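The values are calculated or read from the model by the stated rules, or taken from the named source; none is laboratory data. Since we're looking at a predicted model, the values are computed, not measured. With ideal geometry, Cβ positions are generated from the backbone for all residues, glycine too; neighbour counts draw on all protein chains shown.
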Amino acid sequence: MPLPPDRLLRAYRQMKTIREFEERLHVEIQTGEIPGFTHLYSGQEAVAVGVCEHLGDADWIASTHRGHGHCIAKGCDVTGMMLEIYGRRDGLCKGKGGSMHIADMSKGMLGANAIVGGGPPIAVGAAIACKARRDGKVAVAFGGDGSCNQGTVFEAMNLAVVLKAPAIFVFEDNGYSEHTGADYAVGSRDIAGRARGFGMPAETCDGSDFFAVHAAMARALELARNGGGPSTIEAKTTRFFGHFEGDPMLYRAKDEVARHRETMDCLRIFRARVTTEGLLDDAALDAVDAEVMGLIDRSVAAARSAAPPTAADLLTDVYVSY
Amino acid sequence: MAIKTYREALSDALAQEMRRDPTVIILGEDVVGGLGGTAGEDEAAGGTFGVTAGFAAEFGRRRVIDTPITESAIVGAANGAALTGLRPVAEVMFMDFMGVCLDQMLNQMAKFRYMFGGKCDVPVVIRTLMGAGFGAGPQHSQNLYAMLTAIPGLKVALPSSPADAKGLLATAIRDNDPVIFCEHKLLYGETGEVPDGEYLVPFGKANITRSGTDVTLVAFSRMVLLANKVADKLAREGISVEVIDPRTTSPLDRDAILASVGKTGRLVVLDESDPYCGMASEITALAATEAFSSLKAAPAKITPPHTPVPSTPHLEQLWLPSLERIENTIRATVGKRAA
């Protein structure tokens, strides 16, 4: 069933917000104001949004070190995220988490995660909770092609099958685990095949096509919400930046990113399809672009001028109370 | 002697041992980089901080092995290779990632020799990055050496200088027990004199980096640099600080610490690991139980607070022991206020 125009526009807005958030961070990082390690999601937007457009606040996701896109797609406040990345007191995690640990329980966002393979077992736990409550909700574990080689992920997949947990494993194969190609590091080169080996349905889709991801997620949800247990989506995608900001990307052909920006840009692909099919017009999409640019500008300005945490904040939130 | 960085000194030791002994291999994530992908199989990383840059070209990819992101398998495979005749130097990119592979460290490698009745060697080295000060957040900044020191069967080395980086790593590789080799990420660019040629620093032998008579300041890893700075400053005021860098926490040079405390009668321990059950706790307990009659003042601990390492530098800098705090603690311990 085709999505109505307001839903299409919302999906576009989400993807565009992620894109501009990341492209802007890439620029702002040059100023030296942003601490720590930052891993950008540009290029993969259709995956986060194609999946999360199906979810509400009461569904759960567990994310990765490359988590900004998942956070935005799941509804985290963009300015709160920007403040967090700048290490400010009013950031979503009070500055204590930073880029790799953005979380918002009220939005069903169980956290970005700086440990590759850290998220999937947590997502299975969330799925068990959904099943226990019989609330019809699901949990999604996002991971990259790198995470599909971690034992923790295998254990999470098996447990989800054993318990028929309403969990959905989404592997975003962007071609690289850090500085090494997935075509080397993923032994079978077939992540979906691995998932089938654990006894769950799995499909591979074009991660630069919002509609392909959205349709795959619809099937996974149908299964999970009707007691069918877990399934896996392997989305073939690309990242437009390095593993982390500052990575010279020596492992990629010099023209690869430029080529992928031409041929695998999910925003361009989306726009071409919805305008060709007459579902949305350029004017509406351009208006979203302008709106998003304004939001990102405001969030950066807010982050720059926001106050840092105080000394007293260092000792809070280790436990409920001391 | 030549002036080298900590990073270069580590590379020197690794290369020296790999040339000397063909059973030494390296394995880990992106120790070379560039396998697969679209740029050909040229080296793309050479390790996170470039320590193994150029190694694949010299020693070949059969001895310098890139793995997927798979810490349990990296450490487990290193264990298996060590039991069967190789001397693997495995890399756990950040010490925090040991959470993923702790079984292979605490239940497997640490126990083999003992539970197999002494009938095996376990010549594994785990090289790992640790330490706060990089804004890298709660899962990329921890100093877990005290936890590892507590596990019988593991040796733990904490080089604080380029020379020790070279000498301790070579010793670690030749050691027939598992060694957790902890490299502080803020030390890679530090420079110092490094002996040319084969150079070994024995385990369990502390380095007295400053001699003194008023107070013993025991410090580990990067904290040794701060300890030396404070000692030099206070020396100009007539407070004589003896700085001891134990270099390894297992084995620990208890004799050197006790001899120094016997001389000075005062002890301050400066430790970037956690305040409870950490090295500072251990060494103050050592002085209290073994040198009580020598003590003229209560031993003092300088550690971070009992919290995770915060991401934002505003809090991270408060989390880390500061020069000012070290100085004030020493003044209080020796009973001399700032002039």
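What the table shows:
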| read-out | value |
| --- | --- |
| Filtered residues of segment A:151-181 (kept if under 20 Å from A:H68 (Cβ atoms) and assigned to a loop (DSSP other than H, G, I, E, B)) | A:N174, A:G175, A:E178 |
| Unique match (being over 23 Å from the mean Cα position of the chain (by Cα) and not small (G, A, S)) among B:R87, B:R63, B:R127 | B:R63 |
| Selection from segment A:301-322 of residues that are touching a helix residue (DSSP H, G or I) at 6+ places or on another chain (Cβ under 6 Å) and in a helix (DSSP H, G or I) | A:A302, A:A303, A:A311, A:L314 |
| Tally, over segment B:41-61, of residues that are assigned to a loop (DSSP other than H, G, I, E, B) and either touching a strand residue (DSSP E or B) at 6+ places or on another chain (Cβ under 7 Å) or modelled with pLDDT under 95 (or both) | 12 |
| Only listed residue being of a type in the set (F, W, Y) and either crowded, with 17+ Cβ neighbours inside 10 Å or within 14 Å of chain A (Cβ to nearest Cβ) (or both), chosen from B:F112, B:F116 | B:F112 |
| In segment B:193-216, the residues that are hydrophobic (A, V, I, L, M, F, W, C) and assigned to a loop (DSSP other than H, G, I, E, B) | B:L200, B:V201, B:F203, B:A206 |
| Hits in segment B:39-69 - residues which are farther than 24 Å from B:E8 by Cα and in contact (Cβ under 8 Å) with a residue 40 or more places away in the chain | B:I69 |
| The one condition in (1) touching a residue at least 40 places away in the same chain (Cβ under 8 Å); (2) within 17 Å of the chain's Cα centre (by Cα) that A:C76 fails to fulfil | (1) |
| Only listed residue being more than 14 Å from chain A (Cβ to nearest Cβ) and at pLDDT below 95, chosen from B:M1, B:M105 | B:M1 |
| Residue match in segment B:139-146 (condition: assigned to a helix (DSSP H, G or I), polar (S, T, N, Q), buried (at least 22 other Cβ atoms within 10 Å of the Cβ) and more than 10 Å from every other protein chain (Cβ to nearest Cβ)) | no |
| Options B:K233, B:K263: the member that is surrounded by fewer than 24 Cβ atoms within 10 Å (Cβ to Cβ), farther than 12 Å from B:I330 by Cβ, over 22 Å from the mean Cα position of the chain (by Cα) and modelled with pLDDT of 95 or more | B:K263 |
| Qualifying position, being within 14 Å of another protein chain (Cβ to nearest Cβ), touching a Pro at 6+ places or on another chain (Cβ under 8 Å) and at negative phi, among A:L315, A:L280 | A:L315 |
| Given (1) closer than 27 Å to B:G278 by Cα; (2) away from chain A (no Cβ under 14 Å), number of the condition B:T84 does not satisfy | (1) |
| Wholly within segment B:217-282, strands (runs of 3 or more DSSP E) carrying at least 2 residues that are on the phi > 0 side of the Ramachandran plot and not charged (D, E, K, R) | none |
| Residue count for segment B:42-68, restricted to those that are facing chain A (nearest Cβ under 10 Å) and touching a helix residue (DSSP H, G or I) at 6+ places or on another chain (Cβ under 6 Å) | 3 |
| Candidate set from segment B:13-40 (those that are within 14 Å of chain A (Cβ to nearest Cβ) and part of a strand (DSSP E or B)); member that is surrounded by the fewest Cβ atoms within 10 Å (Cβ to Cβ) | B:L27 |
| Qualifying residue in segment B:106-123 (condition: in contact with a His (Cβ under 6 Å, 6 or more places away or on another chain), acidic (D, E) and assigned by TED's automatic domain parsing to the domain that holds B:P138) | no |
| Any chance A:G98 is at the interface with another protein chain (Cβ under 8 Å from one of its Cβ atoms) and closer than 16 Å to A:E22 by Cβ | yes |
| Answer from A:G50, A:G43, A:G56, A:G75 - the residue that is surrounded by fewer than 22 Cβ atoms within 10 Å (Cβ to Cβ), in contact with a Cys (Cβ under 9 Å, 6 or more places away or on another chain) and not hydrophobic (A, V, I, L, M, F, W, C) | A:G75 |
| Top-ranked residue in segment A:114-134 [being surrounded by fewer than 24 Cβ atoms within 10 Å (Cβ to Cβ) and not small (G, A, S); ranked as farthest from B:G137 (Cα to Cα)] | A:R134 |
| Odd one out for A:P2 among (1) closer than 19 Å to A:S147 by Cβ; (2) modelled with pLDDT under 95 | (1) |
| Among (1) farther than 23 Å from A:A167 by Cβ; (2) part of a helix (DSSP H, G or I), the one test that A:V47 misses | (1) |
| Residue in segment A:273-300 that is surrounded by the fewest Cβ atoms within 10 Å (Cβ to Cβ), counting only those that are in a loop (DSSP other than H, G, I, E, B) and not charged (D, E, K, R) | A:G278 |
| Failed criterion for A:V78 (all others in (1) over 22 Å from A:A224 (Cα atoms); (2) out of contact with any helix residue (DSSP H, G or I) (no Cβ under 6 Å at 6 or more places or on another chain); (3) of a type outside the set (K, R) hold) | (2) |
| Count - residues of segment B:284-339 that are among the β-branched types (V, I, T), under 24 Å from the mean Cα position of the chain (by Cα) and within 13 Å of chain A (Cβ to nearest Cβ) | 2 |
| Residue in segment A:143-150 that is of a type in the set (A, V, I, L, M, F, W, C) and either crowded, with 24+ Cβ neighbours inside 10 Å or in a loop (DSSP other than H, G, I, E, B) (or both) present | yes |
| Only listed residue being more than 26 Å from A:F169 (Cα to Cα) and either of a type outside the set (S, T, Y) or part of a helix (DSSP H, G or I) (or both), chosen from A:L92, A:L83 | A:L83 |
| Listing of helices (runs of 4 or more DSSP H) fully contained in segment A:185-271 that carry 3 or more residues being touching a helix residue (DSSP H, G or I) at 6+ places or on another chain (Cβ under 7 Å), more than 14 Å from chain B (Cβ to nearest Cβ) and not hydroxyl-bearing (S, T, Y) | A:210-225 |
| Test: residue in segment A:8-20 that is within 24 Å of A:V138 (Cα to Cα), away from every other protein chain (no Cβ under 14 Å) and not in a helix (DSSP H, G or I) | no |
